[in-house]
Amino acid sequence: MNHITDLCNFLDLSPVNFWAVETVRQRLETAGFRQLDMRDEWVLTPGDKRYVVQNGSAIFAFVVGSDDAASGFNIIAAHSDSPGFRIKPRCEMACEGMVKLNTEVYGGPILYTWFDRPLSIAGRVALRGDDPLRPRMRLLRFDDPLLVIPHLAIHFNRQVNEGNPLSKQRDMLPVMALNCDNPGGMLRRLVAENAGVDIDDILDYDLSLYTCQKAGVVGLEGEMLCSGRIDDLSMVHAGMTAMLDTCDKESAATRVLAVFDNEETGSGTKQGAGSPILEHILRRVVMARGGAESDYMRAVAASFMISADNAHGLHPNYVDKYDPTNHPHLGGGPCIKVNANCKYMTDADSAAVFRAICQRAGVPCQTFVNHSDVAGGSTLGNILTSQIPLRGVDMGAPVWAMHSACETASTADHIYTIRAFTEFFSLK
């Protein structure tokens, strides 16, 4: 299976954050990685392949280095979440016999791209267990289209193409049924049936909408990829692929793949980059090899991180929105992200490291800087350095329509990124 076909399969299997992490987990297990529990004592030896899951929506995999405990970490970080819609509790809303679901916007989606698409539901459900502090968690996904967010016809809004402000509470609610006399509890009944559990055992859920469109290639030569969740699951896939391709090779440094959650809402959760979860894991890796606190500090000083989150590719219809001299093209290779106000962690030192890695891998490299009149967002790198003083670079493959229900990327860029990540994980 080639990398693009594998990416498409990965995207289709990962409709929401929980499923993305489960897909990565299964691939790691197949490659011989074994799960660790943060509540247990750890004992590690060189070459051990291990992973930790946090909240079911973040995953941290590592291969223990062959050198001593202070030899450092080579880290690739990405995130599992994408903008969209979360389903609220008590979500059924009746209107003239029709049933809508009450939702809340997650992150910053391009709202109107969600109209008039077949949608379905995925996430997890919390079930009653023997220990009130440990509910049973069950992944849930409806594969069939269940909902649609219908747009208002142009006949009722003749100015729709001249600007159409949207209410998240009124305009963006998905319709699930046309004829229903008793909508109360409809979703819980569907969840119970799908999960094969008693409805009374359902305590709560984390459920989101997702688009049913499958990932696929387009273009005269199939050079573009269209799918939801390219940001940032394409970088997760690239990091995972590089980890799996190098995990059985010896390396002095400990290789780490860190997939966080909640980047789209600021990373301020126990599974986000703003938490100390990665710092805890790295420290425990050092201690589990018999290292001391000073060894951990030495390991951090010897480490390097690639913060991988997609970048904005030059849009042929909106060239004026981009920096005049630093605008990456789709197909031109992964790009280093630079910001004078430190929204990215990149500096000349870390940019030089990534350029050298790309050169060794035979991969072209580009640069992205925001237009000075257009504010940009931040990502994982600078948030993580508030927890761990790592050297590192923010980078990503360029995409169009970031945060759309269907984004577009270059197939060549994804292959380039995998090659660069593989080279990074292969460094001695």
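The values are calculated or read from the model by the stated rules, or taken from the named source; none is laboratory data. On a predicted model such as this, the values are computed, not experimentally measured, just so you know. Positions of Cβ are backbone-derived with ideal geometry, glycine not excepted, and every protein chain shown enters the neighbour counts. Calculation scope for accessible area: heavy atoms of the full protein, side chains included, ligands and nucleic acids excluded. Shrake-Rupley method; radii C 1.70, N 1.55, O 1.52, S 1.80 Å.
Within the range 221-264, take every residue that is polar (S, T, N, Q) and over 20 Å from the mean Cα position of the chain (by Cα) and give me the one that is nearest to Gly291 (Cα to Cα). So the residue we want is Thr254.
Scanning the range 179-193 for residues that are surrounded by fewer than 16 Cβ atoms within 10 Å (Cβ to Cβ) and either touching a Gly at 6+ places or on another chain (Cβ under 7 Å) or β-branched (Val, Ile, Thr) (or both) turns up Asn179, Cys180.
One line per residue, one yes/no per condition, for (1) out of contact with any Ser or Thr (no Cβ under 8 Å at 6 or more places or on another chain); (2) at pLDDT 95 or above; (3) open to solvent by less than 40 Å² (accessible area, probe 1.4 Å); (4) within 28 Å of Lys214 (Cβ to Cβ):
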{"residue": "Val125", "(1), (2), (3), (4)": "yes, yes, yes, yes"}
{"residue": "Val148", "(1), (2), (3), (4)": "yes, yes, no, yes"}
{"residue": "Gly163", "(1), (2), (3), (4)": "yes, no, no, no"}
{"residue": "Gln169", "(1), (2), (3), (4)": "yes, yes, no, no"}
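Filtered by the rule that a residue be hydroxyl-bearing (Ser, Thr, Tyr) and either at pLDDT below 95 or over 29 Å from Val197 (Cβ atoms) (or both), the range 109-123 gives Tyr112, Thr113. None of Asn326, Asn317 is open to solvent by 10 Å² or more (accessible area, probe 1.4 Å), in a loop (DSSP other than H, G, I, E, B), touching a strand residue (DSSP E or B) at 6+ places or on another chain (Cβ under 7 Å) and under 28 Å from Thr411 (Cα atoms) except Asn326. Out of curiosity, is Asp81 part of a loop (DSSP other than H, G, I, E, B) and open to solvent by less than 10 Å² (accessible area, probe 1.4 Å)? It is true that Asp81 is part of a loop (DSSP other than H, G, I, E, B) and open to solvent by less than 10 Å² (accessible area, probe 1.4 Å).
Scan the range 230-243 and tell me whether some residue there is in contact with a helix residue (DSSP H, G or I) (Cβ under 7 Å, 6 or more places away or on another chain) and over 22 Å from Met402 (Cβ atoms). Yes, some residue in the range 230-243 is in contact with a helix residue (DSSP H, G or I) (Cβ under 7 Å, 6 or more places away or on another chain) and over 22 Å from Met402 (Cβ atoms).
Listed by position, the helices (runs of 4 or more DSSP H) inside the range 341-428 whose residues that are under 25 Å from Ser66 (Cβ atoms), modelled with pLDDT of 95 or more and open to solvent by 10 Å² or more (accessible area, probe 1.4 Å) number at least 3 are 348-361, 411-426. Checking the condition open to solvent by 30 Å² or more (accessible area, probe 1.4 Å), modelled with pLDDT of 95 or more and of a type outside the set (Ser, Thr, Tyr), which residue from Asp261, Asp231, Asp206 passes? The unique qualifying residue is Asp206.
Checking the range 33-43 against the condition returns a match, with at least one residue being among the aromatic types (Phe, Trp, Tyr), closer than 16 Å to Met240 by Cβ and not in a helix (DSSP H, G or I). Residue count for the range 132-146 under the criterion of being open to solvent by 70 Å² or more (accessible area, probe 1.4 Å) and not basic (Lys, Arg): the result is 6.
With respect to Glu104, determine if the residue is open to solvent by 10 Å² or more (accessible area, probe 1.4 Å), touching a helix residue (DSSP H, G or I) at 6+ places or on another chain (Cβ under 7 Å) and among the acidic types (Asp, Glu). So Glu104 fails the test. Contact annotation: residue pairs with Cβ atoms under 7 Å, 6 or more positions apart or on different chains, pairing a residue in the range 1-17 that is among the charged types (D, E, K, R) with a partner that is part of a loop (DSSP other than H, G, I, E, B) and crowded, with 20+ Cβ neighbours inside 10 Å, are Asp12/Ala215.
Residue-by-condition table, conditions (1) within 22 Å of the chain's Cα centre (by Cα); (2) touching a residue at least 60 places away in the same chain (Cβ under 8 Å); (3) open to solvent by less than 40 Å² (accessible area, probe 1.4 Å); (4) at negative phi:
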| residue | (1), (2), (3), (4) |
| --- | --- |
| Leu28 | yes, yes, yes, yes |
| Asp40 | no, no, no, yes |
| Gly97 | no, yes, yes, no |
| Thr113 | yes, yes, yes, yes |
